[in-house]
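Visitor: I'd like to ask some things about the structure below.
The values are calculated or read from the model by the stated rules, or taken from the named source; none is laboratory data. It should be emphasised that the depicted structure is a prediction, and the values quoted were computed from it without experimental measurement. Backbone-built Cβ (ideal geometry, glycine too); neighbour counts: all protein chains shown. The area values use the complete protein model at the heavy-atom level, side chains included, leaving out ligands, DNA and RNA. Shrake-Rupley method; radii C 1.70, N 1.55, O 1.52, S 1.80 Å.
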Amino acid sequence: MPSPTFHNYIDGQWVAGATFENRNPADTSDLVGEFVSGTATDMADAVDAASRALPAWSAMPAPSRGALLHRVADGLDRKFEQLSEELTREEGKTLPESKGEVRRAINIFRYFAAEGNRMPGPVVPSERDRIHMWAQRKPIGVVGLITPWNFPIAIPAWKMAPALICGNTVVIKPASLAPLCAWRIVEACREAGIPKGVVNFVAGSGGTLGKSLIAAPALRAVSFTGSCGVGEWLHAEASKRRLRIQLEMGGKNPAIVLADAPFELAVENTVNAAFFSTGQKCTATSRVIVEDDIYDRFLAALVERTKKLKVGNGLEAGIDIGPAVDEAQLETDLRYIEIARKESGKPLCGGHRLTGGDYDKGYFIEPTIFAGVTEKMTIAREEIFGPVLAVMRANDFEDAMRIANNIPFGLSSSIQTSNLSRAFEFVQQAEAGMLMVNLPSAGVEYQLPFGGSKESSFGPKEQGPAAMEFYSDWKTIYLKY
Ligand code: NAP
């Protein structure tokens with residue numbers, strides 16, 4: 001059967017062109033689909049279309065926009081099983097992980113659909129007689145959304161839904177490694193009856209399309225999730241035009257394990273956060289900082305548990321960890337493993353690409369643990385974005401906190417402890433946007449702000465009520481009666 005071709009979607013039309021392949025990283029003979037590689041002109045057309053659609057969409061009552069977003073959620077829900085399988089095929093994470101992510105995307109659409117009935121704005125008493133004064137939200141305009149491959153449906157959902165409910169029109173540029181899930185959201189938007197031009201989709205090279213997007217005169221804002229390097233470039237370009245910008249980027253997330261931690265839970269949380277989704281979560285734990293008193297016992301249990309993880313094709317039952325997303329990411333993982341071998345010696349488990357049998361079909365790698373890692377070592381400082389965990393020793397809580405914060409990143413941070421005071425001290429002192437107590441460092445919900453601090457993020461937070469701040473502006477009105 002020929003592989004399906006997924007066109008770009010501009011001004012309500014499917015737009016054809018040269019294509020690129022989207023392959024399953026667990027089995028590269030599985031061609032998920034071919035996607036049209038958008039040109040700079042396609043991107044400019046998409047922004048123009050979004051600009052033309054803006055007046056009518058932003059004038060539509062917000063509850064009516066919400067009703068359409070509910071229909072998008074319904075459309076995604078009808079394809080729940082198909083979408084989950086497609087997500088696993090294009091990104092590699094296990095089917096249960098994909099199901100969780102698809103469910104989250106559906107819930108995000110419902111959450112922001114409901115915001116259409118609220119659109120809260122302050123009404124306050126005037127100091128003056130017979131003056132009524134209030135502030136109401138207004139859209140910012142055309143918004144460009146650039147998304148990464150690692151949460152290929154949740155991240156497009158958590159950018160598109162708040163942008164749309166606030167009355168903006170959007171152009172989405174998904175990651176080239178996993179564009180299908182975002183395409184499915186766009187398909188659901190079309191089927192839900194969202195008018196032409198309101199949602200536009202342009203897949204293709206980030207370099208080409210990014211330049212064209214940022215130069216498009218009608219663009220008013222950019223929301224980007226991805227690597228620090230691209231984020232920095234976008235920030236510099238957007239500043240020249242005073243575009244509103246939101247950047248969510250890398251991390252080097254610590255997990256502190258204190259001697260009083262609930263032991264089994266701490267082991268499980270660390271393994272989950274470090275290795276599930278092949279360590280390819282921005283909030284994954286990549287440094288576990290263990291208090292001296294339990295260091296040896298914790299390390300032994302961690303290695304024993306990690307060795308039991310099953311790596312394989314995420315579509316198969318019983319698999320814990322899928323492949324690296326592509327050959328380049330696999331090579332990055334292996335390169336850091338070689339650096340770590342030189343810096344801290346042999347890993348306690350893992351350290352190799354998995355080969356033989358079905359492993360030869362994809363980009364599989366063993367979950368890997370290095371112990372005795374110190375603060376100056378490369379694997380304690382640089383984001384790897386793979387299943388490679390650095391174990392570090394701390395004298396006590398204060399030392400652990402210092403090590404955890406001694407990093408330019410600040411996305412997520414976790415602590416495992418049964419001491420309530422320590423938990424609160426951690427909350428006070430941790431230099432990160434997302435804090436977890438007795439939980440894995442990864443695993444967030446959509447009802448609260450999401451984002452980091454320090455070099456991990458820039459601009460207003462995503463998700464929850466915070467998302468409304470990025471995607472809307474204020475009109476303040478004074479009325480004499
Ligand atoms: P990436 O290489 O920066 O790509 C992200 C997106 O930017 C892709 O759509 C990419 O397109 C596009 N892009 C590439 N060059 C561009 C340019 N010059 N201008 C505009 N767009 C450009 O990141 P990734 O490898 O997909 O994702 C991994 C990174 O994302 C990690 O650092 C991870 O920590 C971070 N991340 C952060 C969060 C968070 O919330 N903080 C969440 C998830 C991931 P192409 O695919 O065509 O290159």
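Visitor: Could you count how many residues in region 289-340 are hydroxyl-bearing (Ser, Thr, Tyr), in contact with a strand residue (DSSP E or B) (Cβ under 9 Å, 6 or more places away or on another chain) and closer than 20 Å to Thr355 by Cβ?
Guide: Selection size over region 289-340: 2.
Visitor: Still on this structure: Identify all residues within region 431-449 that are away from the ligand (no atom under 16 Å from the Cβ) and either among the aromatic types (Phe, Trp, Tyr) or open to solvent by less than 70 Å² (accessible area, probe 1.4 Å) (or both); write none if there are none.
Guide: Those that are away from the ligand (no atom under 16 Å from the Cβ) and either among the aromatic types (Phe, Trp, Tyr) or open to solvent by less than 70 Å² (accessible area, probe 1.4 Å) (or both): Val437, Asn438.
Visitor: Follow-up. Could you please give the count of residues in region 72-123 that are under 17 Å from Ile165 (Cβ atoms) and surrounded by fewer than 17 Cβ atoms within 10 Å (Cβ to Cβ)?
Guide: The number of residues fulfilling the criteria is 6.
Visitor: What number of residues within region 185-202 satisfy the criterion of being within 16 Å of the ligand (Cβ to nearest atom), hydrophobic (A, V, I, L, M, F, W, C) and not in a loop (DSSP other than H, G, I, E, B)?
Guide: Adding up the residues that qualify gives 3.
Visitor: Going by what's in this entry, would Trp134 be described as surrounded by fewer than 19 Cβ atoms within 10 Å (Cβ to Cβ) and of a type in the set (A, V, I, L, M, F, W, C)?
Guide: Answer is yes for this residue.
Visitor: Right, something else. I'm told Ser421 meets every condition in (1) part of a helix (DSSP H, G or I); (2) open to solvent by 30 Å² or more (accessible area, probe 1.4 Å); (3) touching a residue at least 60 places away in the same chain (Cβ under 8 Å) except one. Can you identify the failing condition by its number?
Guide: Result: Ser421 fails condition (3) only.
Visitor: Could you check region 118-137 and list, in sequence order, the residues that are within 26 Å of Pro465 (Cα to Cα) and basic (Lys, Arg)?
Guide: Those that are within 26 Å of Pro465 (Cα to Cα) and basic (Lys, Arg): Arg118, Arg137.
Visitor: On the given criteria, is Lys281 within 16 Å of the ligand (Cβ to nearest atom), touching a Ser or Thr at 6+ places or on another chain (Cβ under 7 Å) and basic (Lys, Arg)?
Guide: no
Visitor: Just need a number here: residues in region 39-48 that are open to solvent by less than 40 Å² (accessible area, probe 1.4 Å), touching a strand residue (DSSP E or B) at 6+ places or on another chain (Cβ under 9 Å) and closer than 16 Å to Gly17 by Cβ.
Guide: Qualifying residue count, region 39-48: 3.
Visitor: I need every pair where a residue in region 184-207 that is within 18 Å of Leu76 (Cα to Cα) has its Cβ under 8 Å from the Cβ of a residue that is acidic (Asp, Glu), sequence separation at least 6 or different chains.
Guide: Arg184/Glu86; Ala192/Asp74; Asn200/Asp11
Visitor: What is the number of the single condition among (1) under 17 Å from Phe298 (Cα atoms); (2) open to solvent by less than 10 Å² (accessible area, probe 1.4 Å); (3) among the polar types (S, T, N, Q) that Ser412 does not meet?
Guide: So Ser412 meets the others, but not (1).
Visitor: Evaluate region 325-333: report whether one residue or more is in contact (Cβ under 8 Å) with a residue 60 or more places away in the chain and buried (at least 22 other Cβ atoms within 10 Å of the Cβ).
Guide: Yes, region 325-333 has at least one match.
Visitor: Let me ask you something else. Just checking, how many residues over region 137-146 are open to solvent by 10 Å² or more (accessible area, probe 1.4 Å) and either within 16 Å of the ligand (Cβ to nearest atom) or within 19 Å of the chain's Cα centre (by Cα) (or both)?
Guide: So the answer is 1.
Visitor: Take region 203-249 and flag every residue that is more than 8 Å from the ligand (Cβ to nearest atom), of a type in the set (Asp, Glu) and open to solvent by less than 60 Å² (accessible area, probe 1.4 Å).
Guide: Across region 203-249, the qualifying residue is only Glu237.
Visitor: A further question follows. From the list Trp183, Trp149, which residue is farther than 16 Å from Gln463 by Cα and either hydroxyl-bearing (Ser, Thr, Tyr) or open to solvent by 30 Å² or more (accessible area, probe 1.4 Å) (or both)?
Guide: Just one listed residue meets the conditions, Trp149.
Visitor: Quick check on region 164-177: of everything there that is within 28 Å of Ser37 (Cβ to Cβ) and away from the ligand (no atom under 16 Å from the Cβ), which residue is surrounded by the most Cβ atoms within 10 Å (Cβ to Cβ)?
Guide: Among those residues, the one meeting the criterion is Thr169.
Visitor: Determine, yes or no, whether Ala62 is touching a Lys or Arg at 6+ places or on another chain (Cβ under 7 Å) and touching a residue at least 12 places away in the same chain (Cβ under 8 Å).
Guide: no
Visitor: Could you check, for region 450-468, whether at least one of its residues is away from the ligand (no atom under 13 Å from the Cβ), assigned to a helix (DSSP H, G or I), out of contact with any strand residue (DSSP E or B) (no Cβ under 8 Å at 6 or more places or on another chain) and open to solvent by 70 Å² or more (accessible area, probe 1.4 Å)?
Guide: yes
Visitor: Continuing with this model, one more query. Considering only residues that are without any contact (Cβ under 8 Å) to a residue 12 or more places away in the chain and not acidic (Asp, Glu), look in region 360-403 and name the one that is surrounded by the most Cβ atoms within 10 Å (Cβ to Cβ).
Guide: Here the residue is Arg402.
Visitor: Look through region 334-359, keep the residues that are open to solvent by less than 20 Å² (accessible area, probe 1.4 Å) and without any contact (Cβ under 8 Å) to a residue 40 or more places away in the chain, and return whichever of them is nearest to Phe276 (Cα to Cα).
Guide: Only one residue fits best here, namely Gly351.
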